[in-house]
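Input: a single structure, listed below in structure tokens.
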Ligand SMILES: Cc1cc2nc3c(=O)[nH]c(=O)nc-3n(C[C@H](O)[C@H](O)[C@H](O)COP(=O)(O)O)c2cc1C
């Protein structure tokens, strides 16, 4: 039996949350990073995977779904983790479950957890915090108990199956400013290859607005323009203002 930790985490919040859960679940994990294309991988029914994605507009990021298609689960068990920015995750877990079941996984548990919002960072700021950490560790204990029981019962998750919330790709692209040193770090880090040799040539169609380019830029040169940021902040403020709770589904 192997334990696999599979993450898609452009700005690190999903990976941080997944690591808290993973380290409370088992000592050793083989890591797979979906920020880059992955090779075809075959698992066995004895394997256990923790699969973690962020919520984008209440859905799973399209790039993560495409890359998960390279995994042939052959009955491996999956623990699903959706990480969101304190607004809502809507169909993220149900869509992730559908994608994984189509790959041959048996989905046995799921967690929805909150991390800092990667676009408007004041929402969910500082999360996962110490309280989240303790709660995720308690969830891990219950998941371990569940993993020890051989019987498979269907996992019922919130959200629509199949008829997902339509995803509207946000019409902004983080842009370079005068502080850009043309170091190429953003282009190398972009999970969809949307940024070419010249940062100003970023392809708005390939860009999934994941904010990784802004997060990795050493000079803070890539960012949303002030007007777009203010409009998004205002649109999200009411929905993001109260602290949301982490949830466990078994
Ligand atoms: C394009 C995009 C869409 C997002 N949509 C939502 C959303 O619908 N609900 C929410 O609560 N957070 C949303 N977020 C925030 C992320 O889910 C959250 O910050 C997550 O922790 C980001 O993961 P990462 O740090 O691993 O990149 C969105 C972020 C991005 C970049």
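The values are calculated or read from the model by the stated rules, or taken from the named source; none is laboratory data. The structure displayed is predicted, hence computed values, not measured ones. Cβ placement follows ideal geometry from the backbone for every residue including glycine, while neighbour counts extend to all protein chains displayed.
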Problem - Criterion violated by residue 149 - all others in (1) free of Cβ contacts under 8 Å to residues at least 12 places away in the same chain; (2) assigned by TED's automatic domain parsing to the domain that holds residue 216 satisfied - result: (2)
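What residue, among those in the stretch 23-34 that are touching a helix residue (DSSP H, G or I) at 6+ places or on another chain (Cβ under 8 Å) and more than 19 Å from residue 216 (Cβ to Cβ), is surrounded by the most Cβ atoms within 10 Å (Cβ to Cβ)? I'd like the intermediate steps shown before the answer.
Of the residues in the stretch 23-34, the ones touching a helix residue (DSSP H, G or I) at 6+ places or on another chain (Cβ under 8 Å) are 24-25, 29, 34.
The next check asks that each one be more than 19 Å from residue 216 (Cβ to Cβ); those that pass are 24-25, 29.
Details: 24: 16, 25: 22, 29: 19.
If we take residues in the stretch 23-34 being touching a helix residue (DSSP H, G or I) at 6+ places or on another chain (Cβ under 8 Å) and more than 19 Å from residue 216 (Cβ to Cβ), then 25 is surrounded by the most Cβ atoms within 10 Å (Cβ to Cβ).
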Completion exercise
Residue hits (the stretch 143-153; closer than 19 Å to residue 81 by Cβ and either surrounded by fewer than 12 Cβ atoms within 10 Å (Cβ to Cβ) or out of contact with any strand residue (DSSP E or B) (no Cβ under 9 Å at 6 or more places or on another chain) (or both)) are 144, 145
Practice task
Go through the stretch 108-142 and give me each residue that's surrounded by fewer than 22 Cβ atoms within 10 Å (Cβ to Cβ) and in contact with a strand residue (DSSP E or B) (Cβ under 8 Å, 6 or more places away or on another chain).
Solution key: 108, 132, 142
Exercise for the section: Hey, could you check the stretch 154-180 for residues that are closer than 30 Å to residue 2 by Cβ and touching a strand residue (DSSP E or B) at 6+ places or on another chain (Cβ under 6 Å) and say which is surrounded by the most Cβ atoms within 10 Å (Cβ to Cβ)? Expected result: 157
